[in-house]
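Report on one structure; see the data block that follows.
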Amino acid sequence: MAVATATATLSSSSVFPLHSLHQQFPSKYFTVRPITVSLSEKIPAVTQSSELTKLPIRKIPGDYGLPLIGPWKDRQDYFYNQGKEEFFRSRIQKYKSTVFKTNMPPGNFISSNPNVVVLLDGKSFPTLFDISKVEKKDLFTGTFMPSTELTGGYRVLSYLDPSEPNHEKLKKLLFFLLTSRRDYIIPQFHESYTELFKTLEKEMEKNGKADLNSANDQAAFNFLAKSLYGANPVETKLGTDGPTLIGKWVLFQLHPLLTLGLPKVLDDFLLHNFRLPPALVKKDYQRLYDFFYESSTTVLNEAENFGISRDEACHNLLFATCFNSFGGMKIFFPNMLKWIARAGVELHIRLANEIRSAVKSAGGKITMSAMEKMPVMKSVVYEALRIDPPVASQYGRAKRDLMIESHDAVFEVKKGELLFGYQPFATKDPKSFDRPDEFVPDRFVGEEGEKLLKHVLWSNGPETESPTVENKQCAGKDFVVLVSRLLVTEFFLRYDTLDIDVGTSPLGAKITITSLKMIGVGTEI
């Protein structure tokens with residue numbers, strides 16, 4: 001998620017990841033380390049038990065099947081016959097192991113080699129974060145990489161390994177962007193999401209229900225443009241088209257990993273067997289590029305100081321903002337409200353009372369210090385990130401022969417093998433969490449709750465660690481946490497409770513709001 005990754009990233013991140021900002025963002029959850037820019041300094045390896053002999057050494061179970069047939073069969077199970085959750089769960093049961101071999105989509109014709117070693121528990125999964133053990137080059141989307149024609153001919157930051165010189169330069173540029181615009185985050189979020197709430201209320205009055213996703217898409221894009229670049233898209237040639245253009249562009253990158261709900265044979269044929277031609281979205285992408293180039297003069301000037309061309313910097317800013325950050329907000333905000341709504345009125349009352357009391361004590365303004373006095377709100381955000389992470393899959397290629405531990409055994413991985421982790425299984429590991437499949441709102445409250453944050457892994461690293469130029473943790477990690485907290489805070493300052501219907505979409509939950517109760521109003525909107 002993270003302005004990363006924020007991707008996913010979206011990945012998928014204020015407290016910003018620079019030591020000089022520590023006083024501005026005093027939260028213990030946002031404690032940051034100084035950014036170091038020397039790649040000669042080694043990052044500590046992911047902590048694991050060194051006494052491997054206590055566990056049996058086991059051959060990795062599973063197989064890849066026959067060429068062409070094995071990957072095709074696994075793809076059918078993954079998308080259609082079983083679905084993601086059952087695909088992994090059934091193999092855990094079959095092999096009696098959370099580490100096994102299988103094929104990951106898209107398989108034949110798009111990816112040259114779909115073979116992976118799967119890591120599905122909280123002990124083995126963190127291997128994917130340890131850059132002393134795994135390489136991250138061209139693995140952002142997994143077993144295939146989208147055409148660089150979709151990113152101006154450049155391999156953007158998400159596809160770079162920390163060992164590559166441009167990784168340091170580009171990640172520093174994102175840190176600069178976040179730092180330089182830190183004072184605009186809270187006010188611009190309030191402005192953009194106040195408009196979202198008004199839109200939802202009008203739709204509720206007219207239709208008795210409201211589509212959260214489309215309104216959130218527009219609000220998220222407007223917020224990112226205004227807060228990070230000081231530009232209002234509506235006042236430019238882009239208008240309100242940003243979310244639609246991004247959606248088409250992202251589809252051309254991720255279609256091998258998606259299903260659109262078409263008839264099975266048609267869906268599989270169109271999405272998973274050949275790449276959609278980038279030329280079909282060239283004009284759409286150019287409109288986005290022009291908007292970012294015209295709106296980011298200060299950041300592009302700084303990029304040149306870092307030794308990055310303005311063109312390459314702009315393509316990276318576009319990707320980080322539209323794919324990582326916007327993508328994260330597009331997926332995670334509806335998912336988070338889904339869990340909050342399902343938790344019921346008792347939680348809503350607790351959140352409303354806590355949030356309103358803290359804001360009142362801060363003079364009626366939302367501030368960083370006020371949000372630090374909202375332990376239930378903060379825990380709810382972390383619990384949503386744990387149970388429904390916005391980026392579910394992580395990859396890494398073994399740099400050398402490795403011994404990887406699960407809770408039950410030790411497995412030998414050969415140099416060059418591709419490791420894959422499906423995060424929702426790792427963050428629902430019963431060895432890490434009680435009631436792992438339940439949404440527990442106050443899971444991270446208090447000293448004992450805070451200790452569990454090391455098992456929250458949504459940002460391509462533990463929540464207790466920080467992004468640096470030397471790791472692949474989402475550059476916008478803290479940004480994502482901040483804006484998620486802001487959404488919950490803004491919502492419960494305005495409303496008492498909500499009811500929803502939940503559907504599905506290619507990217508996350510589709511939320512229809514069926515009732516909203518406003519503060520001081522005894523009847524529903």
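The values are calculated or read from the model by the stated rules, or taken from the named source; none is laboratory data. Source: prediction; values computed, not measured. Cβ placement follows ideal geometry from the backbone for every residue including glycine, while neighbour counts extend to all protein chains displayed. Protein only, heavy atoms only, side chains kept; ligands, DNA and RNA dropped before computing areas. Shrake-Rupley method; radii C 1.70, N 1.55, O 1.52, S 1.80 Å.
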With +1 assigned to the C-beta of every Lys and Arg and -1 to the C-beta of every Asp and Glu, and no other charges, what is the dipole magnitude of the range 131-268 about the Cα centre in debye, to the nearest 20? 340
For the range 299-343, just the Cα set please: Rg and Dmax, both in angstrom. 16.2, 49
Helix-only [θ]222 nm of the chain, DSSP H runs n ≥ 4, -39500 (n - 2.57) each, per residue, nearest 500: -12500 deg cm²/dmol
May I ask you to give the solvent-accessible area per residue for the chain, in square angstrom, as obtained with a 1.4 angstrom probe? 41
Relative contact order for the range 452-509 using alpha-carbon pairs under 8 Å, separation at least 6, rounded to a whole percent? 17
Can you give the extra length, in nm with one decimal, that the chain gains between I57 and K414 once fully stretched, where that is 0.36 nm per residue apart less the Cα-Cα distance? 127.1 nm
Given the pairs K202/K360; K373/K454; K209/K373; K172/K283; K59/K137; K136/K415, which are separated by over 23 angstrom at their Cα positions? K202/K360; K209/K373; K172/K283; K59/K137
With +1 on the Cβ of every Lys and Arg and -1 on the Cβ of every Asp and Glu, the dipole magnitude of the range 55-516 about its Cα centre, in debye rounded to the nearest 20, is 600
Given the candidates L452, A392, P71, the one whose Cα lies deepest towards the positive end of the charge dipole of the chain, counting +1 at each Lys or Arg C-beta and -1 at each Asp or Glu C-beta, is P71
Net charge near S325, counting Lys/Arg +1 and Asp/Glu -1 over other residues with Cβ under 14 Å of its Cβ? +2
Computed from these coordinates, which is mean projected area of the Cα convex hull in nm²: (i) 23.6; (ii) 28.7; (iii) 27.4? (i)
Contact order normalised by length for the range 55-516, with contacts defined as Cα pairs under 8 Å and 6 or more residues apart; what percent is it? 22
Dipole of the range 55-516, positive direction: furthest Cα of L507, F175, L260, with charges on the beta-carbon: L260
Let me check something: with ligands and nucleic acids excluded, how do V391, V345 order by accessible area (1.4 Å probe), largest to smallest? V345, V391
Which FRET efficiency value, to the nearest 0.05, do you get for D499 and I92 by plugging their Cβ-Cβ distance into 1/(1 + (r/R0)^6) with R0 = 25 Å? 0.10
Sum of side-chain charges, F252 neighbourhood, beta-carbon under 12 Å (Lys, Arg +1; Asp, Glu -1): +1
